Amino acid sequence: MLKSIASVVGAYVLSIILVLATDPLLSRLFPGEYETGHVPSDAALMTSTALFIVISILCAWVCARLAPIRAGRHVLWFFIIGEVMGIAATIPNWSENWPHWYWLSWLLSWPVSCWLGLLFSRGGEQGSTHMASHA
C-alpha cells in the first residue's frame, strides 16, 4: 500500500518540481515575459504548455513504472489528483487577464498525457486487449 501511494504522490510531486524548474528556461527564452504582473505572449504560453505536456507524459510513465501492480490504476489516481489540482488552480485565475485557452490546454492535455505515459510504460506490449486486461 505504501509503495502504491509513494508511486502516485512521488510522480505528482516530481511533475510539480519539473514544471517549476522550467521557469528559468522560459525566462531565458522569453526575456521580460515572465515578470510579475505581465501576461506572457501566446508563443511563450504555447512553449510553457509544450513543456508541461512532455513533463506530464514523463511523470505518468514514472508513476506507471513505479507502481507495484496495476499500473493503470496508479496512473488513474495520478490523473485524478492532477486534474483536481488543475481545476483548483484554474478557478481563481479564470478572471485574470491570462487567456482562457492556456488554462484549458493544461486541463485538456493532462488526461491525454497521462494516458500516453501509461502506454509508453508498457514498452513493446501490443494490442488493446492485453492493455485492457492489465489496467
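The values are calculated or read from the model by the stated rules, or taken from the named source; none is laboratory data. Computed from a predicted model, the values in this text were never measured in an experiment. Every residue, glycine among them, receives a Cβ derived from its backbone with ideal geometry; neighbour counts consider all protein chains shown. Areas reflect the complete protein model, heavy atoms only, side chains present, ligands, DNA and RNA absent. Shrake-Rupley method; radii C 1.70, N 1.55, O 1.52, S 1.80 Å.
A few points about this structure:
- Taking a ≥ b ≥ c as the square roots of the eigenvalues of the alpha-carbon gyration tensor, the stretch 71-122 is classed oblate because a/c is 1.5 or more while a/b is no larger than b/c.
- Geometric extent, Cα atoms of the stretch 1-130 - Rg, Dmax (angstrom): 15.9, 50
- With protein chains left intact and a 1.4 Å probe, residues in the chain average 60 Å² of accessible area per residue.
- Distance between the C-alpha centres of the stretch 1-27 and the stretch 46-114: 11 Å, rounded to the whole angstrom.
- Global geometry of the stretch 1-75, whether rounded, prolate or oblate, following the gyration tensor of its Cα atoms and the 1.5 cut on a/c: prolate
- Heavy-atom accessible surface of the chain: percent carbon and sulfur, 1.4 Å: 70 percent
- Taking a Cβ cut-off of under 12 Å around H74, the surrounding Lys, Arg, Asp and Glu residues balance to a net charge of +4, with basic ones at +1 and acidic ones at -1.
- Highest mean packing first, where packing is the average number of other Cβ atoms within 10 Å per residue, the peptides 57-66, 26-35, 105-114, 71-80 line up as 57-66, 71-80, 105-114, 26-35.
- The Cβ shell under 15 Å around A60 holds other residues with a net charge of +3, Lys and Arg each +1, Asp and Glu each -1.
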